[in-house]
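Quick note: the coordinates plus some simple rules give every number you see, no bench work behind them. As the structure is a prediction and not an experimental result, all values here were calculated from the model. Every residue, glycine among them, receives a Cβ derived from its backbone with ideal geometry; neighbour counts consider all protein chains shown.
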Amino acid sequence: MNLERRADLILVATTMLAAAGWIFSKEAIQGLPAFGFIGLRFVLASLCLLVFCFPDIKKVEKALIPKALGVGCILGTAILLWIHAIAVSDTLGEGAFIMSLSMLFVPLIAWPMFKAKPPRTFWLALPIAFAGLLMLSLGGGNGWQMSSSQLWFMASAVMLAVHFNFNSQYARKFPTLLLTCLQLFSIGCMGLIASLMFETWPESVSMTTWGWFALSMLVATSLRYVMQTMGQKHSTAANAAIIMILEPVWTVILSVIWYGEEMPANKLAGCLMILLALFTYRGLGHVIGFITKKVA
């Protein structure tokens, strides 16, 4: 098996771990406060990375560190919105598809911020995605209805897109591992502060809950990102972009199996339309770019 094929298989496994992370998180917050769960998860993850970041801390420009932490706060906002949406939602698969729209929001936000006009494929994908959202909001016999969890997932997706744009600017100036460590620390601190302000911790937490927490931190966070980095190292950008679209698909399958999530025709149609929109934007865009380079 050649390196590229192996890398693609690693990326497929990565999307499965990412999907499993939705289940791990949902189960963990049955016994832990949602914001506290995020705080502990990301602070511990950042401390694990810190050991490997000391050489980079000495080299990086110190004035950039507060800015990197600030960008991490944007991501922290997105993550806190996401975990709150999970806490109030019974439809994880639907939420995963809404969250996947963050990649469609990226060029829309970059346009006014950085004067970067969206590509043509974006305008092809946008109406398909919008139609998919409308289908997800079609209540049985009650017309169009947006649930609170859909709105929270949507807000989180928008904040992820904002973070992506800012993070792209700082990624060029920072060592990757250090930037990741600082942002994880920001997220963790935000989660712990939000938990102290708004949540009450239980007197005791079961070992089962801590087990789900450990899976979430070690498997869905640490192992997942290591595997994603390994896969992207040897896979093509086009293959990686298309493979990563699989995450919401696996999430739907796991949610149906684990929670018995119902997928009526309108929700199934909505998810498929969002999947088509993502493929149109990410897959078709790479194909057009490849053909253009060959012709040139």
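Being more than 27 Å from I274 (Cβ to Cβ) and out of contact with any strand residue (DSSP E or B) (no Cβ under 7 Å at 6 or more places or on another chain), is that true of even one residue in segment 144-154? Can you show your working first?
Filtering segment 144-154 for residues more than 27 Å from I274 (Cβ to Cβ) gives none.
No; the residues of segment 144-154 include none that is more than 27 Å from I274 (Cβ to Cβ) and out of contact with any strand residue (DSSP E or B) (no Cβ under 7 Å at 6 or more places or on another chain).
I'd like the full set of residues that are in a loop (DSSP other than H, G, I, E, B) and not aromatic (F, W, Y), limited to segment 46-59.
We begin by selecting, within segment 46-59, every residue in a loop (DSSP other than H, G, I, E, B); these are 51-53.
If the condition is that a residue be in a loop (DSSP other than H, G, I, E, B) and not aromatic (F, W, Y), then V51, C53 are the ones that fit.
Out of the residues in segment 25-57 that are over 18 Å from G76 (Cβ atoms) and charged (D, E, K, R), state the one that is surrounded by the most Cβ atoms within 10 Å (Cβ to Cβ).
Checked segment 25-57; the qualifying residue surrounded by the most Cβ atoms within 10 Å (Cβ to Cβ) is K26.
Where the second residue is of a type in the set (K, R) and in a helix (DSSP H, G or I) and the first is at negative phi and lies in segment 70-86, which pairs have Cβ atoms under 6 Å and are six or more apart or on separate chains?
I86/K26
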